[in-house]
Structures are given as C-alpha cells and as structure tokens.
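See below for the structure under consideration.
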Amino acid sequence: MSFMELRNATVQYNGTSVLKDFSIQIEQGEKIALVGQSGAGKSTLLNLLYQKYKGDASLVPQDLGLVRALSVFHNVYIGQLDKRPTWYNIINLIKPQKKEIKTIMPIVEQLGIKDKTFEPIRELSGGQQQRVAVARAIFQHSKIFFGDEPVSAVDEHRSQTVMEAIINNHQTVVLSMHDVSLALKNSTRIVGLKEGQKIMDEPVKGIKAKDLDDLYKN
C-alpha cells in the first residue's frame, strides 16, 4: 500500500471536467512536481491530496491565507495555533513570547525575511508574503508539504533557497510548479497534466525541459 494515493478521481466544475478518472500513488520521501498549463488540473489534484492527508500535512495555497493586519511573526505562529492553549495564543498575540520568537527566528532567517519579522503582512511584497506562508508551513512541523506555486512571486535569486527550505524540512513534498527548470532541479518525480489527465509520470532523472513541451501545446 502506498504512502498516499488517489484512485479514479473525477472532479467537475460547472459541468466541465477538471480531473478525469485520475489515479496517483506517492511513496514516502518522494519530491513530486506537478507540471502543465494553467487549468490542467494541478491545483485541483493538490487540494484533493491535501484534504485526504491534511492530518499530517501543511499547505501553501495560491491565495496564501495570510492575515494582512498581523505581523510576519504572528502569521508564522498561526501554524501552531491548534497545538497551544487559547490563553497562550492570546498572550502571544498581545506580546510575542521569547520562547516562540527563538523558535520562529531561524525559520524566517532561512527564508531571508528575518528583518521583516515584526512588520505587518500588508507592507510586504508578493514574494515576501509567499515566503511567510512557507515559513508558517515549516513551523507546523508536518511530514508532508503541499504547495500550489509556492515560489511563483519569489525572485529567481531567492526561489532556490525557498525550495531547499521546503525540501529540507519535510519528508514528502508535492508541488504544483510553473517554473519547469526549478521543478526539474528540486524534484525526484515529474507528473505532467493536460486537460485533467495524467500525460506523464516519470522519475526526474534524464528528463530535460524540452521533454515537457507537449504539456504546454494547445
């Protein structure tokens, strides 16, 4: 039995099939990149997997789900709200505790946003906000990471650092990716989708960017 799997999943929105009889098996420790055109079904597949396995998984969705009025610290801390007593969460909302700051600082430093720790999210760029969402996911200490274009707004210089942080802090990783070269560099397996169907499912070794061209042809 596989670590994670979906069998014959079909999803429709307004009468249009987004996933068609889709099956996938994922083994523990794999780093999987979902690639394909916008609308191919990557986000839907990612969400189905997350809903099934969210008990031991963290998610960075496209909309990020950050609280814009709160600081970077508080948005990262939210990742463990359910693991702390309500009274303790309230204390940290009013005055971040040294213990929690000490735990969160290495994560935000790793992602290059340490200097933004106590700034409100609304003052951050899109790429910085994505890094906060990744930091929140890392702070959850989950074994599985699901990310829907988690570095799409991060500049090229920082994107590899963020990818390494994701991979180094999670056993199993499934990412929807638009950057093919980044996907090939940071995954062990490529799953290509087109019009809701699986067109490719191969180990990344030996795959070149041009081998994925057919996924992006209309």
**Prompt:** Can you list the residues, at least 5 places off or on another chain, whose amide H is less than 5 Å from the amide H of Glu30, using H built in the peptide plane?
**Reply:** Val173
**Request:** Compare the peptides 4-15, 176-187 by average per-residue count of other Cβ atoms within 10 angstrom and give them in order, highest first.
**Result:** 176-187, 4-15
**Item:** Cα-centred dipole magnitude for region 134-218, charges only on beta-carbon of K, R (+1) and D, E (-1), debye, nearest 20
**Value:** 240
**Residue-by-residue Karplus 3J(HN,Hα) for region 39-49, coefficients 6.51, -1.76, 1.60, Hz, glycine and proline x** = x, 6, x, 4, 5, 5, 4, 4, 5, 4, 5
**Complete:** Sequence order, region 18-27: Karplus ³J(HN,Hα) from phi using 6.51 cos²θ - 1.76 cosθ + 1.60, θ = phi - 60°, Hz rounded, Gly and Pro as x, gives 9, 10, 10, 6, 8, 10, 8, 10, 10, 9
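What is the sum of charges, Lys and Arg at +1 and Asp and Glu at -1, for the other residues whose Cβ falls under 11 Å from the Cβ of Pro61?
Around Pro61, the charge tally is -3.
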**Item:** Per-residue [θ]222 nm for the chain (sum of -39500 (n - 2.57) over DSSP H runs n ≥ 4, rounded to 500)
**Value:** -10000 deg cm²/dmol
**Request:** Can you tell me which of 16-29, 107-120 comes out highest on packing, and rank the rest after it, using the mean Cβ neighbours within 10 Å?
**Result:** 107-120, 16-29
**Item:** Under 5 Å, built H, 5+ apart or other chain: amide partners of Lys194
**Value:** Ile199
**Request:** Note the listed values (1) 47, 20, 15; (2) 32, 18, 16; (3) 24, 22, 15, then indicate which one is semi-axes √(5λ) of the Cα gyration tensor in Å calculated from this particular structure.
**Result:** (2)
**Complete:** Total charge of the residues flanking Tyr88 in space, meaning their Cβ is under 14 Å from its Cβ, with Lys and Arg +1 and Asp and Glu -1, is +3
**Request:** Give Lys52/Lys185; Lys31/Lys205; Lys20/Lys143 a once-over and call out the pairs whose C-alpha atoms are over 23 Å from each other.
**Result:** Lys52/Lys185; Lys20/Lys143
**Request:** Between beta-carbons, use under 11 Å as the cut-off and find the net charge around Leu193, counting Lys and Arg +1, Asp and Glu -1.
**Result:** +2
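Readers should treat all values here as calculations from the given coordinates under stated rules, not as data from a laboratory. Fair warning: this is a prediction, and the values are worked out from it, not measured in the lab. Reconstructed Cβ throughout: ideal geometry from the backbone, glycine too, with neighbour counts over all protein chains shown.
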